[in-house]
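In what follows, a structure is listed as structure tokens, so that the remarks can point back to it.
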Amino acid sequence: MIKSELVNRIAAQNPRLYQRDIEHLVNAVLGTIEAALCRGDRVEIRGFGVFSTRKRRAYAGRNPATGAVAVVKQKSAPFFRAGKEMHQRLN
């Protein structure tokens with residue numbers, strides 16, 4: 001599901017709300033999660049899951065076009081772990 005589909009589904013379930021207001025709310029929630037991850041914080045939504053960042057170590061890779069060795073620097077990557085209730089609902 002993409003963000004616009006999420007906004008449309010919420011709008012369909014709540015016809016009394018304006019779609020632009022729902023879009024602002026979805027953007028605010030996602031922006032807050034993004035800002036917390038950028039600070040290195042962990043975001044836990046009970047019954048849904050946990051968003052966090054994981055460090056990826058530096059490594060020596062290869063340029064596929066030339067075969068030359070390229071050093072890939074250490075970086076952080078977003079990580080999501082579904083909660084216990086989410087696993088139960090899916091199964």
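The values are calculated or read from the model by the stated rules, or taken from the named source; none is laboratory data. Here the structure is a predicted model, which means the values were calculated and not measured. All Cβ positions, even for glycine, are placed from backbone atoms using ideal geometry, and neighbour counts span all protein chains on display. Surface areas here come from the heavy atoms of the whole protein model, side chains and all, with no ligands, DNA or RNA. Shrake-Rupley method; radii C 1.70, N 1.55, O 1.52, S 1.80 Å.
Listing for the model above:
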item	result
Selection status of A28, small (G, A, S), farther than 26 Å from R89 by Cα and at pLDDT 95 or above	yes
Output for the range 44-60, where each listed residue is part of a strand (DSSP E or B) and exposed (fewer than 11 other Cβ atoms within 10 Å of the Cβ)	R54, K55, Y59, A60
Filter pass, T66 being in a loop (DSSP other than H, G, I, E, B) and open to solvent by 50 Å² or more (accessible area, probe 1.4 Å)	yes
Members of the range 29-49 that are aliphatic (A, V, I, L, M) and over 23 Å from M86 (Cα atoms)	A35
Test: A12 is small (G, A, S), part of a helix (DSSP H, G or I), surrounded by 12 or more Cβ atoms within 10 Å (Cβ to Cβ) and free of Cβ contacts under 8 Å to residues at least 40 places away in the same chain	no
Unique residue being touching a helix residue (DSSP H, G or I) at 6+ places or on another chain (Cβ under 6 Å) and among the charged types (D, E, K, R) when the list is E23, E44	E23
L17 touching a Lys or Arg at 6+ places or on another chain (Cβ under 8 Å) and aliphatic (A, V, I, L, M)	no
Some residue of the range 21-42 being in a strand (DSSP E or B) and either surrounded by 12 or more Cβ atoms within 10 Å (Cβ to Cβ) or in contact with a Ser or Thr (Cβ under 8 Å, 6 or more places away or on another chain) (or both)	no
